[in-house]
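**Student:** One structure is given below, represented as structure tokens, and several questions about it will come after.
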Amino acid sequence: MKQPIIIDTDPGIDDAAAISIALYHPNFDLRMITTVNGNVGIEKTTANALKLKRFFNSDVPVHRGAAQPLVDAIRDASAVHGESGMDGYPFPDVKTSDLASTHAVEAMRKALETSDEPITLVPIGPLTNIALLLSTYPEVKDYIKEIVLMGGSASRGNVTPLAEFNIYCDPEAAQIVFNSGLPITMVGLDVARSSTLSHDSIDALQSLNKTGDMLHQIFKHYKGDDFEKGINVYDAYTIIYLLHPEKFNVQEADVQIETTGTLTKGATVTDFNTRYPNCTVVMSVDPNEFKTMFINALQYCD
Ligand code: BDR
Ligand code: CA
């Protein structure tokens with residue numbers, strides 16, 4: 001049976017990998033893509049989602065979401081993803097008529113309330129839209145199966161020593177989501193770092209299919225951490241985890257978000273000793289197995 005999912009995203013080079021698999025893999029029913037401010041501003045993340053929609057000739061609607069975090073000033077990661085947020089490939093021009101007219105939060109609410117079965121939310125950017133959804137329309141929680149998010153770290157961060165980018169960009173939103181009472185799976189930096197893809201593996205994507213070639217070209221422009229060692233396709237781990245949860249090592253924990261610390265803001269404070277876990281933390285996966293699952297999943301793409 002297909003898993004109904006919604007991807008909330010800030011494309012983003014690794015976001016593009018997650019979206020590619022979600023659009024084509026027969027196990028998923030991708031109901032919509034919602035965009036959020038993150039790697040670059042909302043105009044650009046939305047344009048990038050539309051570029052992907054056009055590249056894939058997809059019917060999946062793209063809804064534009066929050067233009068700024070709940071409280072903090074906007075930060076970006078154009079140093080990692082390039083000025084456009086998805087540098088490196090000559091994507092077709094975007095048509096603004098391709099953008100759905102409803103705001104992301106309203107669109108998610110409607111999709112959830114009218115769905116014949118609960119939907120899994122897959123946020124792979126800052127959690128602003130999801131926090132707005134849960135705090136504006138708490139009744140939609142009944143229609144959410146779970147939230148499998150890319151963000152956080154049980155060890156070191158990638159923006160500051162303790163904070164990961166998606167959480168750091170909107171810690172207040174993250175705190176709302178982690179304490180929502182919904183089943184949360186944190187697919188953070190730990191699991192990707194346990195299974196960094198080699199540059200050779202990324203090169204191999206080139207000959208896979210048209211999607212592999214596109215991803216290869218954009219990943220060549222990706223300046224993520226551990227770049228010397230290889231490439232961490234962070235956002236794609238959420239999708240591969242949903243396909244093969246049994247392959248991943250997980251631990252239950254209580255995760256709280258540091259929202260005020262001068263040096264620690266955005267940290268996901270992870271307590272594995274708690275008796276009251278609010279979250280499943282995905283810790284590691286065998287690197288060879290991950291590589292195989294990633295390539296196999298991309299084989300469904302054009
Ligand atoms: C996360 O931050 C973004 O730059 C990536 O797209 C990913 O979602 C990794 O920390
Ligand atoms: Ca992202």
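The values are calculated or read from the model by the stated rules, or taken from the named source; none is laboratory data. Fair warning: this is a prediction, and the values are worked out from it, not measured in the lab. Using ideal geometry, Cβ is built from the backbone for each residue, glycine included, and neighbour counts are taken over all protein chains shown.
**Student:** For the range 148-164, does any single residue satisfy the condition of being farther than 20 Å from SER194 by Cα and not charged (D, E, K, R)?
**Tutor:** No, every residue in the range 148-164 fails to be farther than 20 Å from SER194 by Cα and not charged (D, E, K, R).
**Student:** Still on this structure, I have one more. Consider ALA192 carefully, then state whether it is within 16 Å of ligand 2 (Cβ to nearest atom) and over 20 Å from VAL233 (Cβ atoms). Break it down stepwise before answering.
**Tutor:** Values: within 16 Å of ligand 2 (Cβ to nearest atom): yes; over 20 Å from VAL233 (Cβ atoms): no.
Answer is no for this residue.
**Student:** Just checking, does the range 4-19 include any residue being closer than 30 Å to PRO138 by Cα, more than 17 Å from the chain's Cα centre (by Cα) and either part of a loop (DSSP other than H, G, I, E, B) or without any contact (Cβ under 8 Å) to a residue 24 or more places away in the chain (or both)?
**Tutor:** no
**Student:** If you don't mind, another one. Determine which member of the set ASP235, ASP203 is closer than 16 Å to ASP14 by Cα and either surrounded by 24 or more Cβ atoms within 10 Å (Cβ to Cβ) or free of Cβ contacts under 8 Å to residues at least 12 places away in the same chain (or both).
**Tutor:** On the way: ASP203 fails: either surrounded by 24 or more Cβ atoms within 10 Å (Cβ to Cβ) or free of Cβ contacts under 8 Å to residues at least 12 places away in the same chain (or both).
Only one candidate qualifies: ASP235.
**Student:** Checking ILE257 against (1) at pLDDT 95 or above; (2) in contact with a Leu (Cβ under 9 Å, 6 or more places away or on another chain), which test does it fail?
**Tutor:** ILE257 satisfies every listed condition except (2).
**Student:** Now, a different point. What number of residues in the range 13-31 are touching a helix residue (DSSP H, G or I) at 6+ places or on another chain (Cβ under 6 Å) and under 19 Å from ALA173 (Cβ atoms)?
**Tutor:** Here the count works out to 0.
**Student:** Considering only the range 79-112, state which residues are part of a loop (DSSP other than H, G, I, E, B) and more than 15 Å from PRO11 (Cα to Cα). Lay out the reasoning, then the answer.
**Tutor:** Keep residues of the range 79-112 that are part of a loop (DSSP other than H, G, I, E, B), which gives 82-95, 100-103.
Once the filter is applied, which keeps residues that are part of a loop (DSSP other than H, G, I, E, B) and more than 15 Å from PRO11 (Cα to Cα), the range 79-112 yields PRO90, PRO92, ASP93, LYS95, ALA100, SER101, THR102, HIS103.
**Student:** VAL187 versus (1) touching a strand residue (DSSP E or B) at 6+ places or on another chain (Cβ under 9 Å); (2) surrounded by fewer than 16 Cβ atoms within 10 Å (Cβ to Cβ); (3) of a type in the set (Val, Ile, Thr): which is the lone unmet condition?
**Tutor:** Result: VAL187 passes all but (2).
**Student:** Then there is this: Among the listed residues THR264, THR268, identify the single one that is surrounded by 15 or more Cβ atoms within 10 Å (Cβ to Cβ), of a type in the set (Ser, Thr, Tyr) and within 20 Å of the chain's Cα centre (by Cα).
**Tutor:** Details: THR264 fails: within 20 Å of the chain's Cα centre (by Cα).
Checking each option against the conditions leaves just THR268.
**Student:** Still on this structure: Collect the residues in the range 5-33 that are acidic (Asp, Glu) and under 17 Å from LEU127 (Cα atoms), keeping them in residue-number order. First the steps, then the outcome.
**Tutor:** First, pick out the residues of the range 5-33 that are acidic (Asp, Glu): 8, 10, 14-15, 29.
Matches in the range 5-33: ASP8, ASP10, ASP14, ASP15.
**Student:** Another question, then. What number goes with the only condition from (1) touching a residue at least 12 places away in the same chain (Cβ under 8 Å); (2) away from ligand 2 (no atom under 16 Å from the Cβ) that ILE218 does not pass?
**Tutor:** Result: ILE218 passes all but (2).
**Student:** Of the conditions (1) at pLDDT 95 or above; (2) farther than 21 Å from THR136 by Cα; (3) among the acidic types (Asp, Glu); (4) within 16 Å of ligand 2 (Cβ to nearest atom), ASP29 satisfies every one except a single condition; which number is it?
**Tutor:** Among (1) at pLDDT 95 or above; (2) farther than 21 Å from THR136 by Cα; (3) among the acidic types (Asp, Glu); (4) within 16 Å of ligand 2 (Cβ to nearest atom), the lone unmet condition for ASP29 is (4).
**Student:** So the check is Cβ under 6 Å with 6+ separation or different chains; which pairs have a first residue in the range 150-170 that's under 21 Å from ILE19 (Cβ atoms) and a second one that's of a type in the set (Phe, Trp, Tyr) and in a loop (DSSP other than H, G, I, E, B)?
**Tutor:** Hits for this filter: MET150/TYR234.
**Student:** Could you check the range 1-26 and list, in sequence order, the residues that are of a type in the set (Val, Ile, Thr) and away from ligand 2 (no atom under 11 Å from the Cβ)? I'd like the intermediate steps shown before the answer.
**Tutor:** Filtering the range 1-26 for residues of a type in the set (Val, Ile, Thr) gives 5-7, 9, 13, 19, 21.
Within the range 1-26, ILE5, ILE6, ILE21 qualify.
**Student:** Has the range 92-105 got any residue that is within 14 Å of ligand 2 (Cβ to nearest atom) and among the polar types (S, T, N, Q)?
**Tutor:** First, pick out the residues of the range 92-105 that are within 14 Å of ligand 2 (Cβ to nearest atom): none.
No, there is no match, as no residue in the range 92-105 is within 14 Å of ligand 2 (Cβ to nearest atom) and among the polar types (S, T, N, Q).
**Student:** Being under 22 Å from ILE74 (Cα atoms) and among the β-branched types (Val, Ile, Thr) is the filter here, so list the residues in the range 137-170 that pass it.
**Tutor:** To start, the set of residues in the range 137-170 that are under 22 Å from ILE74 (Cα atoms) comprises 149-153, 157-170.
Selection gives VAL159, THR160, ILE167.
**Student:** While we're on this one: Looking at the structure I just gave you, is ASP203 more than 16 Å from ligand 1 (Cβ to nearest atom) and not aliphatic (A, V, I, L, M)?
**Tutor:** On the way: more than 16 Å from ligand 1 (Cβ to nearest atom): yes; not aliphatic (A, V, I, L, M): yes.
Here the answer is yes, as ASP203 does meet what is asked.
**Student:** Let me confirm something: among ASP87, ASP72, ASP76, ASP59, which residue is modelled with pLDDT of 95 or more and either surrounded by fewer than 20 Cβ atoms within 10 Å (Cβ to Cβ) or among the aliphatic types (A, V, I, L, M) (or both)? I'd like the intermediate steps shown before the answer.
**Tutor:** On the way: ASP87 fails: modelled with pLDDT of 95 or more; ASP72 fails: modelled with pLDDT of 95 or more; ASP76 fails: modelled with pLDDT of 95 or more.
Within the list ASP87, ASP72, ASP76, ASP59, the selection yields ASP59.
**Student:** Taking into account only those residues within the range 221-241 that are assigned to a loop (DSSP other than H, G, I, E, B) and small (Gly, Ala, Ser), which is farthest from ligand 1 (Cβ to nearest atom)? Let's see the steps before the verdict.
**Tutor:** Filtering the range 221-241 for residues assigned to a loop (DSSP other than H, G, I, E, B) gives 221-230, 232-235.
This time we only want the ones that are small (Gly, Ala, Ser), so: 224, 230.
Details: GLY224: 7, GLY230: 15 Å.
Top of the filtered list is GLY230.
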